[in-house]
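To start, the structure itself, in structure tokens.
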Protein chains: 2
Amino acid sequence: MAEDFKVTPWEVTGAIDYDVLMKRFGTTPIDQALLERLAKYGKVHPMLRRGIFYTHRDLDWLLDRYDQGDRFVLYTGRGPSGNTHLGHLMPWIFNKWVQDIFKVDMLFQMTDDEKFLFKDLTLHDTRSMAYENALDFVALGFDPDHTRIIVDTENIKTLYPVALRVAKKITLSTAKAVFGFNGASNIGSIFFTSMEAVPAFLPSEEAGRPVPVLIPAGIDQDPHFRVARDVAPGLSYPKPCMLYCKMFPGLNGGDKMSSSDENATIYTTDTPKAVKKKVGRAFTGGCVSVEEQRQKGGNPEVCAVFKYNYYLFEYDDVKLNELADKCRRGEILCGECKVALTQKINVFLEAHQAKREEAKEIVQKMTYGGFKW
Amino acid sequence: MAEDFKVTPWEVTGAIDYDVLMKRFGTTPIDQALLERLAKYGKVHPMLRRGIFYTHRDLDWLLDRYDQGDRFVLYTGRGPSGNTHLGHLMPWIFNKWVQDIFKVDMLFQMTDDEKFLFKDLTLHDTRSMAYENALDFVALGFDPDHTRIIVDTENIKTLYPVALRVAKKITLSTAKAVFGFNGASNIGSIFFTSMEAVPAFLPSEEAGRPVPVLIPAGIDQDPHFRVARDVAPGLSYPKPCMLYCKMFPGLNGGDKMSSSDENATIYTTDTPKAVKKKVGRAFTGGCVSVEEQRQKGGNPEVCAVFKYNYYLFEYDDVKLNELADKCRRGEILCGECKVALTQKINVFLEAHQAKREEAKEIVQKMTYGGFKW
């Protein structure tokens, strides 16, 4: 059954059909014309070319405004509930590309309140995680002079008045319909979407005029921004524009890398040995025996190792296609592929971990309003 | 129909039967034994003696703790939606008495967020009103060294983490059952009760140990504190103790003075002329003609002018009883009674307005955390 999956900001289950999801949410596909338009600003990122960022809301309008000299602000975020993994890094890497290409300011919201409300975590836990996650964000090289990190509980004095304005416009009926709340939902979780809306409106609030905002994020966040877009006109803010990506897959072959399966999840702080072990256990498209695979070939379509190359670790299209062909012809076995991916990940992580150490010096400078970590 | 009335934090309608209300809410009457116990700490306030503050939750437990040397913190508040009237002052005057008798610290919460969420007001409106209302509170003479005024949007950084902990413990089902929310309720209003709970827990939070809290307030606030008391044990806070008063009546004979009928409402900033006019139009227990009243006498039970003497302006029991007797015997007419009350109110307001001016110098010192008005 194609529809047998569920995507909400708090839960992703089943095999996701991203085309069906796009139709369900009512977002617009990124077509060839839009890709060509984007190419005018700089080399199009592989995540766009490969359809990882694949759907949007009002991106064309945002580019029209940009062409008329109206610079937008970039906004994305993180719910700090655990260590950062590759699935978190992926959209942040894309945001970094957008900042570089368009030379824009960036807001990064860490919803420590959300994770407290929705998970079995203390506020101390989520606040500590916010710091750890922020190091990974900063390590990606965002411009420290044009990037501000918001932590909800730290910046609440700025956020709360805007969140109240948003909350006043959202009925319980809407919240229940969009997020599926029921009688057992806690009243903080019902209010929370107002907080996630705030950074979409903060640039206008600060500038005292309408400032366009672009939010590149996982498509699971669309329910929040559908609601935020609905209330925006009534508050005299422009509707935020959206650029949505697919979920980063798990090593177990699942559609979304998740900390609930630690063995299928590569954390930014993993050791080379841990990475080797995890990739070694990855779900692949190989056959049960070497002989059979040499004869029949593998299936890169379903292979987690191939997906990792596709999403993050092999941005050279020629090399990627070669890899797929060799797999299909049985010329490369899963073991070899895993060794190669392990090495790529470890090269990436070694550099990332070094930058993550340097980030400890920079992260204070990037706090919104100068709160102390 | 005795039950044909409604009392919620946002709406009071119908003729209130306070005994029925007490049973409905499940609070305990203040009996003679408790009054006698209270007399040991100082002269019992007329509002207690006359059953205006008439019901409680765990006041005996609070006094036990106090007797063992465990000082409580006093907490009451105001939703700043308009100018202060006598109905607001009444419980504050009582709180002042409690502070004087027990020598305790006091928190005064101004819920500007609440009034924004529940009324057709801007945050700018409610924030301005908070200042105006605070002047009236300060004018009553609370100890500036032991009294702190909280404004929700100003103190949100301190309040929010505690509100989140409270909110996580309250289900939507509970909020709907207690407050009567429905699909059209905005999601901020549903969250709000968490904010009103915070000052009940803040003293424990600040001290790092359980600190008893006494909340003398209008009984219409009980739904908030019923919920706060329910969640307290799960958060390792003591349950706040409650002391509830009846609503201050309107001059029109209604059960609650309300800004929705300006002519029946005496504001703290009213001129002597305005007071004269409003009292002159008050609903009384008089007869249609002077002759009839001389013959049959009036009915102080239903008379707004008499109630004002009873609630606030004649604390001498002998004089009050004399007044009632003279009324019943037709020896005093409504006109005379109105003149006398007008004078008492104007004497009170003249002094209050002078202290309200002086409050402008003191009010800054009393802000929680030192925010600027």
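For region A:303-325, residues that are surrounded by fewer than 20 Cβ atoms within 10 Å (Cβ to Cβ) and β-branched (V, I, T) total 1. Of everything in region A:170-191 that is touching a residue at least 60 places away in the same chain (Cβ under 8 Å) and more than 7 Å from chain B (Cβ to nearest Cβ), the residue that is nearest to A:F225 (Cα to Cα) is A:F179. If you go through region A:326-373 and pick out every residue that is outside the structural domain of A:G285 (by TED's automatic domain parsing), surrounded by 13 or more Cβ atoms within 10 Å (Cβ to Cβ) and over 25 Å from A:T269 (Cα atoms), you end up with 2. So for region B:41-54 (the condition being crowded, with 22+ Cβ neighbours inside 10 Å and in contact with a Ser or Thr (Cβ under 8 Å, 6 or more places away or on another chain)), does at least one residue qualify? No, that holds for no residue.
Taking the stated definitions as given, is B:S194 part of a helix (DSSP H, G or I), without any contact (Cβ under 8 Å) to a residue 12 or more places away in the chain and either within 14 Å of another protein chain (Cβ to nearest Cβ) or over 24 Å from the mean Cα position of the chain (by Cα) (or both)? Against the criterion (part of a helix (DSSP H, G or I), without any contact (Cβ under 8 Å) to a residue 12 or more places away in the chain and either within 14 Å of another protein chain (Cβ to nearest Cβ) or over 24 Å from the mean Cα position of the chain (by Cα) (or both)), B:S194 does not qualify.
Residues of region A:197-213 that are in a helix (DSSP H, G or I) and not aromatic (F, W, Y): A:A197, A:V198, A:P199, A:A200, A:L202, A:P203, A:S204, A:E205, A:E206, A:A207.
Against the test of being assigned to a strand (DSSP E or B) and away from every other protein chain (no Cβ under 14 Å), the options A:P216, A:P144 yield a single qualifying residue, A:P216. Only one of the listed residues (A:D113, A:D125) is acidic (D, E), within 14 Å of chain B (Cβ to nearest Cβ) and crowded, with 24+ Cβ neighbours inside 10 Å. That residue is A:D113.
Summed over region A:254-268, residues that are crowded, with 16+ Cβ neighbours inside 10 Å and either under 14 Å from A:F348 (Cα atoms) or small (G, A, S) (or both) total 6. Quick one: in region A:232-246, of everything that is aliphatic (A, V, I, L, M) and surrounded by 21 or more Cβ atoms within 10 Å (Cβ to Cβ), which residue is nearest to A:A304 (Cα to Cα)? Here the residue is A:L243. Per the conditions (1) crowded, with 21+ Cβ neighbours inside 10 Å; (2) within 24 Å of the chain's Cα centre (by Cα), the sole criterion not satisfied by B:A167 is (2). Cβ separations smaller than 8 Å between residues 6+ apart or across chains give the following pairs from region A:153-164 residues that are more than 7 Å from chain B (Cβ to nearest Cβ) to residues that are acidic (D, E): A:L159/A:D152; A:V162/A:E205. Exactly one residue out of A:T158, A:T153 is under 20 Å from B:T153 (Cβ atoms), among the polar types (S, T, N, Q) and either in contact with an Asp or Glu (Cβ under 7 Å, 6 or more places away or on another chain) or not assigned by TED's automatic domain parsing to the domain that holds A:A217 (or both), and it is A:T153. Can you say whether A:A340 is small (G, A, S) and free of Cβ contacts under 8 Å to residues at least 12 places away in the same chain, as far as the supplied structure shows? The answer is yes for A:A340. For region B:71-78, the criterion of being loosely packed, with under 15 Cβ neighbours inside 10 Å and of a type outside the set (V, I, T) is met by at least one residue.
The values are calculated or read from the model by the stated rules, or taken from the named source; none is laboratory data. Keep in mind that this is a model prediction, so the values were computed, not measured. Methodologically, a virtual Cβ is constructed for each residue, glycine included, from the backbone with ideal geometry; neighbour enumeration extends over all protein chains shown.
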